[in-house]
Amino acid sequence: MCSLGLQAQSHWRDSLTVLNREIALAPRNTDLRLRKAAVNIQLEQWEYAIEEYSRVLEIDPKNPAAFYYRAYANNHIKRYDKARSDYETFLTIVPKHFEAQIGLAMVKRNLGRQLDTMEELNRLVQQFPDSALAYAARAGYETELKQYDAALYDWSEAIRRQPRNLDFLVSKVDILITLKRYPEAWAILEESLRQGTPRSLLKPWIDKCK
């Protein structure tokens, strides 16, 4: 693993050298700068990536990729206000972008803005009513807030859309166990076992239902 990791690092650093050389010849080429910023992210050079995306936006003030990935980089280093601003700007350019909507919701969560976070997650579900991940994202936040009834509904909706998703299933079971609704939790586990889920994967939850 260490050898592979070093090889990957070496590959990305070589790519960076080449891109820097190409950018020196064509400094207003936004495609080259976006590619360089992507390599900076691979190398976890977050500040350099943010600087590069900012240069792209100086050249092309409405470049959606620069806003989206600058938001991602700022979020990674906990500059949540800047990440929020970039996600919001990106969504004015590319409305109904699933990943950006989730990114904005999580940034607002990290800022401690509970009502705004829930508003974003409600909007996500409204815009993507067929998405299991939209319901799961809202369910996860409701679980965090201990809004268990709402979370159970949303986990059920997520499971209805992705019945084989084990993470969704055990998340719902966790809440039922927390509420001491053991027969309901066991019924879900039993059905999953009937559908072929290995018992070893469900053992921690099965043990809690005994």
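The values are calculated or read from the model by the stated rules, or taken from the named source; none is laboratory data. Because the structure is a prediction, the values reported are computed rather than measured. Here the Cβ positions follow ideal geometry from the backbone for every residue, glycine too, while neighbour counts run over all protein chains shown.
Going by what's in this entry, would Asp60 be described as more than 30 Å from Ser10 (Cβ to Cβ), buried (at least 17 other Cβ atoms within 10 Å of the Cβ) and among the acidic types (Asp, Glu)?
In short, no.
Considering each of Arg199, Arg138, Arg164, Arg160 in turn, give the residue that is of a type in the set (D, E, K, R) and crowded, with 16+ Cβ neighbours inside 10 Å.
One residue alone meets the criteria, Arg138.
Might you check whether a residue that is more than 20 Å from the chain's Cα centre (by Cα), of a type in the set (Gly, Ala, Ser) and modelled with pLDDT of 95 or more occurs anywhere in the stretch 39-61?
yes
Report whether or not Thr30 is in contact with an Asp or Glu (Cβ under 6 Å, 6 or more places away or on another chain) and of a type in the set (S, T, N, Q).
So Thr30 fits the description; yes.
Residue pairs, Cβ under 8 Å, 6 or more apart or interchain, first in the stretch 101-121 and of a type outside the set (Gly, Ala, Ser) and part of a loop (DSSP other than H, G, I, E, B), second surrounded by 16 or more Cβ atoms within 10 Å (Cβ to Cβ) and at pLDDT 95 or above. List them.
Pairs that qualify, where the first residue is of a type outside the set (Gly, Ala, Ser) and part of a loop (DSSP other than H, G, I, E, B) and the partner is surrounded by 16 or more Cβ atoms within 10 Å (Cβ to Cβ) and at pLDDT 95 or above, are Leu111/Tyr80; Leu111/Arg84.
Return only the number of the condition from (1) of a type outside the set (Asp, Glu); (2) within 27 Å of Ser171 (Cβ to Cβ); (3) touching a residue at least 12 places away in the same chain (Cβ under 8 Å) that Asn74 does not satisfy.
Just one mismatch for Asn74, condition (2).
For Leu124, state whether it is among the aliphatic types (A, V, I, L, M), within 30 Å of Arg84 (Cβ to Cβ) and either buried (at least 18 other Cβ atoms within 10 Å of the Cβ) or out of contact with any Cys (no Cβ under 6 Å at 6 or more places or on another chain) (or both).
It is true that Leu124 is among the aliphatic types (A, V, I, L, M), within 30 Å of Arg84 (Cβ to Cβ) and either buried (at least 18 other Cβ atoms within 10 Å of the Cβ) or out of contact with any Cys (no Cβ under 6 Å at 6 or more places or on another chain) (or both).
Pick from Lys203, Lys146, Lys210: which is under 30 Å from Glu119 (Cα atoms), free of Cβ contacts under 8 Å to residues at least 24 places away in the same chain and charged (D, E, K, R)?
Matching residue, one of Lys203, Lys146, Lys210: Lys146.
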